[in-house]
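Note sheet for the following structure.
The values are calculated or read from the model by the stated rules, or taken from the named source; none is laboratory data. Everything quoted here is computed from the prediction, not taken from an experiment. Note: ideal-geometry Cβ built from the backbone for every residue, glycine included; neighbour counts use all protein chains shown. Please note that ligands, DNA and RNA were not included when accessible areas were found on the heavy atoms of the full protein model with its side chains. Shrake-Rupley method; radii C 1.70, N 1.55, O 1.52, S 1.80 Å.
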Amino acid sequence: MHEMSSKNLAISVKGVSKRYRIGVNQSRNDSLATTVLDLLKSPLRNYRKYKALYDFSDLDAVDETSDILYALRDVSFDVKRGEVLGIIGKNGAGKSTLLKILSRITPPTTGEVHISGRISSLLEVGTGFHPELTGRENVYLNGTILGMRKKEVDREFDKIVDFSGVEKFLDTPVKRYSSGMRVRLAFAVAAHLEPEILIVDEVLAVGDADFQKKCLQKMEDVGKDGRTVLFVSHSMPAITRMCKRVLMLRNGSVLMDGLAHNVVSAYLKGEKGSSAFCEWAENDAPGGEVARLRAVRIRSANGEIRDAVDIRDPVAVEIEYDVLKSGYSFMPTFSLWNDEGVNVCVAVDQDKNWRQRPRPVGQYKSVGWIPGNLLAEGLYTINTTMWTIAPKRHMEYHAPDSVAFQVVDTLEGDSARGDFIGDLPGVIRPILKWTTEFEAENVLEY
């Protein structure tokens with residue numbers, strides 16, 4: 001690690017790779033003599049084995065063997081001062097390894113990392129805490145590690161305690177804290193001790209919903225203060241609200257680096273090309289003897305399949321299905337769920353042309369429109385269900401998590417957010433009609 005010369009950059013990562021050598025099981029001995037001999041040789045062998053796990057001098061630059069694991073591979077990016085950078089990727093993508101390298105917990109195998117400023121990291125529950133020390137003592141210990149003087153920690157101490165909500169247990173050893181209590185105190189310490197760079201991993205998921213909102217708001221405040229934030233999360237709404245720029249990792253490499261909404265949309269597409277549509281082959285399609293689901297798609301107002309839609313724009317849920325037997329009346333429905341598992345609504349087909357009318361055999365496409373400025377920003381999934389309602393009521397198919405899409409609030413001022421830039425909770429975010437009455441009075445202006 002080196003201090004940076006550029007005044008505009010907080011972090012610079014150049015060609016960083018992290019390799020591990022996977023240990024190999026030793027063969028079992030089949031005699032007492034060989035077992036005793038192995039015990040005598042074990043100290044030297046164990047030393048060589050340990051050294052070999054971290055020594056890659058026997059490898060060429062492009063050589064790869066079956067016992068080598070690349071946690072990171074040739075990762076490069078820069079982070080400007082005051083930037084809030086999101087880092088996303090599936091489990092095993094290399095996110096935590098990257099953060100540990102940036103936090104100086106482990107060195108890179110190859111490449112360089114340049115850091116400018118004091119780093120505070122929250123990578124796992126209880127990071128930086130000594131279990132035998134009390135919460136109060138650990139606050140001062142963390143401040144000392146960050147290079148702060150006692151009077152500097154004193155100045156922020158009451159804010160830390162108030163934010164964490166563990167005042168009652170402040171003089172209790174941290175080893176007796178629950179995981180949620182440790183996270184609350186750890187985040188409060190990390191965020192309030194004025195680091196130039198704040199690094200936060202997915203540990204906030206341990207806290208309850210109210211505390212998570214407090215943490216997100218605090219990280220927004222840290223970013224507005226001109227400090228740098230690196231935020232790793234599997235919550236795409238949190239990522240898009242917090243970060244203008246997002247880095248996506250896959251298999252230890254940077255797959256995409258760009259605007260948050262574009263990167264998150266690509267992440268949601270995953271391996272199947274898009275989360276916004278799902279199509280079934282005839283032999284795999286959900287359904288019964290009367291109806292069969294063929295496709296579900298999310299479309300924008302201009303007909304494009306979209307993984308992310310602007311909060312102000314209407315979005316179409318398109319359900320394509322086959323009717324296999326005539327003489328039945330159908331009720332296509334879908335339910336909408338947010339990323340917290342809340343059932344936002346259930347929508348039932350209200351097309352007057354087909355309501356309570358038997359449908360002939362054929363292929364159908366039912367489209368339900370969700371108005372703009374109705375849903376709050378966030379990630380939504382669609383469950384699709386088909387009912388017959390005459391001559392008998394029967395569920396023909398139920399396809400959970402058929403498609404997913406993200407509602408994005410671009411903060412341009414003409415959504416229901418108006419001029420407010422903080423966290424707006426809630427399942428919906430409609431634009432309501434407002435009126436203001438004013439009556440002039442003879443008052444003095446100051």
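Only lysine pairs 8 or more places apart, or on different chains, with alpha-carbon atoms under 29 angstrom apart are counted in the range 307-438, and they number 6.
Once the Cβ-Cβ distance of GLU167 and SER326 is raised to the sixth power relative to R0 = 60 Å, the FRET efficiency obtained is 0.30.
Of interest is the spacing of the C-alpha centroids, which for the range 337-398 and the range 276-307 amounts to 12 Å. When the residues CYS345, CYS278, CYS243 are ordered by accessible surface, computed with a 1.4 Å probe over the protein chains alone, the sequence from largest down reads CYS345, CYS278, CYS243. According to the Kirkwood relation over distinct C-alpha pairs, the hydrodynamic radius of the range 96-225 is 15.0 Å. When the Cα atoms of the range 320-415 are aligned to their principal axes, the ranges along those axes come out at 50, 25, 18 Å in descending order. For the range 245-333, a simple Cβ point-charge model (Lys and Arg +1, Asp and Glu -1, everything else neutral) yields a dipole of about 200 debye relative to the Cα centre. When the range 349-408 is described by a simple charge dipole with +1 on each Lys and Arg Cβ and -1 on each Asp and Glu Cβ, the residue from TRP387, SER366, ASN353 located farthest towards its positive end is ASN353. Peptides 298-306, 145-153, 177-185 ranked from most to least packed give 177-185, 298-306, 145-153, packing being the mean of other C-beta atoms within 10 angstrom over each peptide's residues. Which pairs in the list LYS90/LYS218; LYS80/LYS168; LYS175/LYS244 are over 29 Å apart, alpha-carbon to alpha-carbon? Where the Cα-Cα span goes over 29 Å, the pairs concerned are LYS80/LYS168; LYS175/LYS244.
Solvent-accessible area of ARG393, all protein chains in place: 150 Å² (probe radius 1.4 Å, heavy atoms, ligands and nucleic acids excluded).
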